[in-house]
Amino acid sequence: MARSESTGRSASAARGTSAARGASTDVLIAGAGPVGLTLAAELRRSGVSCRIVDRLPARLPYAKAVGIQPRTLELFDRMGLVRDVLDAAVPMRGQLTYVNGAEQGRIELVLPPEVPYGFAALPQYETERVLEEFLGRFGTRIERSTELVAFAQDPVGVTSRLRSSSGGEEEVRSRFLVGCDGAHSVVRKALGLTFEGGAFPEEYMLADVEVGWGLPPGYGVRSMHRGEDDAVDDLLVCIPLPGEGRYRMSMLVPPELSASRPSEPSAGDGVAHGLEGGTAPALADIQKVLDRLAPEPVTASALRWSSVFRISHRLADRYGEGRVFVAGDAAHIHPPTGAQGMNTGVQDACNLAWKLALAVGDAAHPRLLTGYDAERHPVGEEVVGRTVRHAAEGVQADPADPETLMLREAQLLVNYRESPLVTPLPPGDEAALRPGDRAPDCDGLTGDIAAYPVRLFDLLRGRGHVLLLYGHHPAGDPPGDLAAAARELTGGRMEACRILPADAPPDETTGIPHHHDSQGEFARQYGVEEGAAFVVRPDGYLGACLRPPTVGRLKEALGRVFAW
C-alpha cells in the first residue's frame, strides 16, 4: 500500500512527528467520503502525513448528499479548491412549494451581499472526485478495498489493524486515528461511544432522473398532498443537479417496495440510516408519483440509480477519546432537511485538522484537542434537533425571522463563543462581532501595486493562523511588535496582515503586507473605528478580538492554543 510522507515542513519540525516516534504515519483516517477527504486534504496542506483507507473499491455513483452550503464553499475557498467545486456544481436559487397542486409561493435563497457564495448543488460522488483530485496534488491517494477492523491506543499513539478485500492484514502505527466511517462506524463502536436517537417510521424512494418540465431552473420543488384531516399523506421533493432537467427526487415509498426492515438492521448496531436495502424502484414507480404530484404533466427519463432509504437521527455522546476521534456521520446523523449533514461533517473535519496539525508538530496546548469536542459537539446537537423539527413540521414552521433562518441554513451562524479556545471579550465590551464567530468577508481592499480591489478571503486563502491588524490604537502596541510577537509565540506559524483605513498613508516601515479599506467595508464588518487586532484561525473563525491590541493580550489569546 502506498504511504504518503509529510512535505513542506522544516527538518526540525519533522523530527517531532511520526518518524521520531516510530509511527508509520501521523494520522490514519478511516473512511474516504467527503469528510475523510476534507480532513486528509487539510492535514496534507499543513504538511502532516496521513493515510486514508476505505472499504469500498470505488466511489459510489449515488447522488446522496447534494447540497453544498455557502459556509462550506468558504472553507473550500480557504483550502484553495473552491473553483473546481464551482465549475462542477449548479446554483440552488430557491424552492417552489405546492399543496394539492396549487403553488403556495416560493422561497428565494438570498444572502447579504457581503457573503461571497450562494447555495449550490452537486452530487456527492462529484464532491468526492474534486476532493480526491485535490488530495492527489499532495501525493496522497485513497487506499481502497481496505478497512479498519480494530485498533488500540496508548499514551503516544494508536496501533490499527487493516484488512484488504483479499484478506491480507496490516498493522499500522499512527499518532492519531480519526473515524470518518459513517453511521455504522467501527471507530465509534470500538471507543464505546453511545449513539442515541431514533428513526422516522416512513420510508422513502430516492431516484436520479431527468424531467422536461417548464419550471425555472435552479429551484427545488416540494409538492405535497394533504388529506381531509390536513395531514400530509403524499410527498415529492426534487433537488436540481448538474445536467439539463436532472433532479434528485425523493418520495414516500409504496407498500410493495418497502424494505420492511426490522428495528435492528443486519449490521447489528441498531442504526438504520440511508440507503439500507429494499427493492430498487423502477422508472415506472417514479412516474406514478410524478403523475400524482408533479406541478405540471411531465415524463421522467434517464434513471441513473434509485433506492429505498430511511431517515434516522442520532448523536454520539462525545466526539473522541484520547488520540482517537470521530467526525461526520460517525458522530451525528439526521434528516436531510436543509442539506445540513455532509456540510456539518466537512466543518468537523476543518475544525479537527488544524488542531491535529499543531499536535503533530508538538506546538499544541495540552488541552487543544479536547477543544474539538467542546466546539463541534454542541453544533451537532443543534443540527440534529433542528433538522428533526424541520422534518416533522417543515422549515416554514421555524420561528426565526427569514433573514436569520437563511443565514442559519447556510451555516453562517455557527459559532464557538463558549469555546475554551477563544478569548472572551472584556466586561462591558458589547461588540456585535465576538471571539468564536465566523470571520466575515469584505470587499474593496486595495494594495499599492495591484490596480484592482480584492476581498479579505483572497488574503486569507491558503494560510493558517493569521493576525489581522487594523489601523493603530493609541493605547495599543506598534503593529511591528504585534507581528513579531505573533511569529515568535507560534513558532512562525502565524502570519500578519495589516488593513489600513481608507485615508491612511501607506506604511512601509513595519514590513507587514498591507491593504487599504478603500470602501470602509472591513471597518463596518468588523465593527472597528480605531485600531484593533483579530486572530483568525485556520478554520476561518475568530480566536480573539483585541481592542486595544497589545502584546500581552495577544500572548494570553495564543496561550489557549499554542504550547511554549
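Please determine, by comparing only the residues of segment 124-155 that are over 18 Å from residue 55 (Cα atoms) and polar (S, T, N, Q), which one is most open to solvent (accessible area, probe 1.4 Å).
153
Select, from 476, 531, the only residue that is crowded, with 20+ Cβ neighbours inside 10 Å, of a type in the set (Gly, Ala, Ser) and in contact with a Pro (Cβ under 6 Å, 6 or more places away or on another chain). I'd like the intermediate steps shown before the answer.
On the way: 531 fails: in contact with a Pro (Cβ under 6 Å, 6 or more places away or on another chain).
Every option except 476 fails the conditions.
For residue 192, which of the numbered conditions (1) under 27 Å from the mean Cα position of the chain (by Cα); (2) open to solvent by less than 30 Å² (accessible area, probe 1.4 Å); (3) of a type in the set (Gly, Ala, Ser) fails to hold?
The failed condition is (2).
Which numbered condition trips up residue 167, out of (1) in contact (Cβ under 8 Å) with a residue 40 or more places away in the chain; (2) over 17 Å from residue 327 (Cα atoms)?
Just one mismatch for residue 167, condition (1).
Return the residue satisfying two criteria in turn: it lies in segment 508-521 and is part of a loop (DSSP other than H, G, I, E, B) and touching a strand residue (DSSP E or B) at 6+ places or on another chain (Cβ under 6 Å), and of such residues it is least open to solvent (accessible area, probe 1.4 Å).
First, the residues of segment 508-521 that are part of a loop (DSSP other than H, G, I, E, B): 508-513, 518-520.
Now narrow it down to the ones that are touching a strand residue (DSSP E or B) at 6+ places or on another chain (Cβ under 6 Å): 512-513, 518.
Details: 512: 13, 513: 71, 518: 57 Å².
Only one residue tops the list, namely 512.
Can residue 201 be described as more than 30 Å from residue 362 (Cα to Cα), open to solvent by less than 40 Å² (accessible area, probe 1.4 Å) and not charged (D, E, K, R)? It would help to see each step written out before you state the result.
Values: more than 30 Å from residue 362 (Cα to Cα): yes; open to solvent by less than 40 Å² (accessible area, probe 1.4 Å): no; not charged (D, E, K, R): yes.
Here the answer is no, as residue 201 does not meet what is asked.
In segment 410-444, which residues are of a type in the set (Asp, Glu) and either open to solvent by less than 20 Å² (accessible area, probe 1.4 Å) or under 20 Å from residue 556 (Cβ atoms) (or both)?
So the first thing to find is which residues in segment 410-444 are of a type in the set (Asp, Glu), and the list is 418, 429-430, 437, 441, 443.
Across segment 410-444, the qualifying residues are 418, 429, 437, 441.
Would you mind stating whether residue 554 is under 19 Å from residue 355 (Cβ atoms) and crowded, with 23+ Cβ neighbours inside 10 Å? Before the answer, list the steps.
On the way: under 19 Å from residue 355 (Cβ atoms): no; crowded, with 23+ Cβ neighbours inside 10 Å: yes.
Spelling it out, it is not the case that residue 554 is under 19 Å from residue 355 (Cβ atoms) and crowded, with 23+ Cβ neighbours inside 10 Å.
Check segment 295-315 and report whether any residue there is at pLDDT below 90, open to solvent by less than 50 Å² (accessible area, probe 1.4 Å) and part of a loop (DSSP other than H, G, I, E, B).
No, every residue in segment 295-315 fails to be at pLDDT below 90, open to solvent by less than 50 Å² (accessible area, probe 1.4 Å) and part of a loop (DSSP other than H, G, I, E, B).
If a residue must be out of contact with any strand residue (DSSP E or B) (no Cβ under 8 Å at 6 or more places or on another chain), hydroxyl-bearing (Ser, Thr, Tyr) and open to solvent by 10 Å² or more (accessible area, probe 1.4 Å), how many such residues does segment 29-70 contain?
1
Among 487, 524, 498, which is the only one that is within 29 Å of the chain's Cα centre (by Cα), assigned to a strand (DSSP E or B) and over 21 Å from residue 426 (Cβ atoms)?
Working: 487 fails: assigned to a strand (DSSP E or B); 524 fails: assigned to a strand (DSSP E or B).
Result: 498 is the single residue among 487, 524, 498 that is within 29 Å of the chain's Cα centre (by Cα), assigned to a strand (DSSP E or B) and over 21 Å from residue 426 (Cβ atoms).
Tally up the residues in segment 357-376 that are out of contact with any Ser or Thr (no Cβ under 9 Å at 6 or more places or on another chain) and in contact (Cβ under 8 Å) with a residue 60 or more places away in the chain, please. Explain how you work it out, then say what you get.
Our first condition is that a residue be out of contact with any Ser or Thr (no Cβ under 9 Å at 6 or more places or on another chain); within segment 357-376, this holds for 359, 364-370, 372-373.
Applying the additional criterion that residues be in contact (Cβ under 8 Å) with a residue 60 or more places away in the chain yields 359, 364-366, 368.
So the count comes out to 5.
Given (1) farther than 19 Å from residue 183 by Cα; (2) open to solvent by less than 40 Å² (accessible area, probe 1.4 Å); (3) not aromatic (Phe, Trp, Tyr), where does residue 387 come up short, assuming only one miss?
For residue 387, the failing item is (1).
In segment 479-495, what residues are farther than 23 Å from residue 360 by Cα and either crowded, with 19+ Cβ neighbours inside 10 Å or not acidic (Asp, Glu) (or both)?
Quick first cut of segment 479-495, residues farther than 23 Å from residue 360 by Cα only: 479-484.
Within segment 479-495, 479, 480, 482, 483, 484 qualify.
Which condition from (1) under 25 Å from residue 512 (Cα atoms); (2) modelled with pLDDT of 95 or more; (3) aliphatic (A, V, I, L, M); (4) not in a strand (DSSP E or B) is the one that residue 466 breaks?
With respect to (1) under 25 Å from residue 512 (Cα atoms); (2) modelled with pLDDT of 95 or more; (3) aliphatic (A, V, I, L, M); (4) not in a strand (DSSP E or B), residue 466 is out only on (4).
Please specify each residue of segment 342-383 satisfying the condition of being open to solvent by less than 20 Å² (accessible area, probe 1.4 Å) and within 22 Å of residue 405 (Cα to Cα).
343, 344, 345, 346, 347, 348, 375, 376, 379, 380, 383
Can you tell me which of (1) among the aromatic types (Phe, Trp, Tyr); (2) closer than 27 Å to residue 75 by Cα; (3) in contact with a Ser or Thr (Cβ under 9 Å, 6 or more places away or on another chain); (4) open to solvent by 10 Å² or more (accessible area, probe 1.4 Å) is the one residue 564 doesn't meet?
With respect to (1) among the aromatic types (Phe, Trp, Tyr); (2) closer than 27 Å to residue 75 by Cα; (3) in contact with a Ser or Thr (Cβ under 9 Å, 6 or more places away or on another chain); (4) open to solvent by 10 Å² or more (accessible area, probe 1.4 Å), residue 564 is out only on (2).
Please verify whether residue 97 is of a type in the set (S, T, N, Q), within 15 Å of residue 220 (Cα to Cα) and open to solvent by less than 30 Å² (accessible area, probe 1.4 Å), treating the condition exactly as stated. Quick ask: steps written out before the conclusion?
Numbers: of a type in the set (S, T, N, Q): yes; within 15 Å of residue 220 (Cα to Cα): yes; open to solvent by less than 30 Å² (accessible area, probe 1.4 Å): yes.
Judged against the criteria, residue 97 is a match.
Would you confirm, using the coordinates I've provided, whether residue 455 is basic (Lys, Arg), closer than 24 Å to residue 113 by Cα and open to solvent by 40 Å² or more (accessible area, probe 1.4 Å)?
Values: basic (Lys, Arg): yes; closer than 24 Å to residue 113 by Cα: yes; open to solvent by 40 Å² or more (accessible area, probe 1.4 Å): yes.
For residue 455, the condition - basic (Lys, Arg), closer than 24 Å to residue 113 by Cα and open to solvent by 40 Å² or more (accessible area, probe 1.4 Å) - is met.
The values are calculated or read from the model by the stated rules, or taken from the named source; none is laboratory data. Predicted, not measured: the structure shown is a model, and the values here were computed from it. So basically every Cβ, Gly included, is an ideal-geometry build from the backbone, and we count neighbours across all protein chains shown. Please note that ligands, DNA and RNA were not included when accessible areas were found on the heavy atoms of the full protein model with its side chains. Shrake-Rupley method; radii C 1.70, N 1.55, O 1.52, S 1.80 Å.
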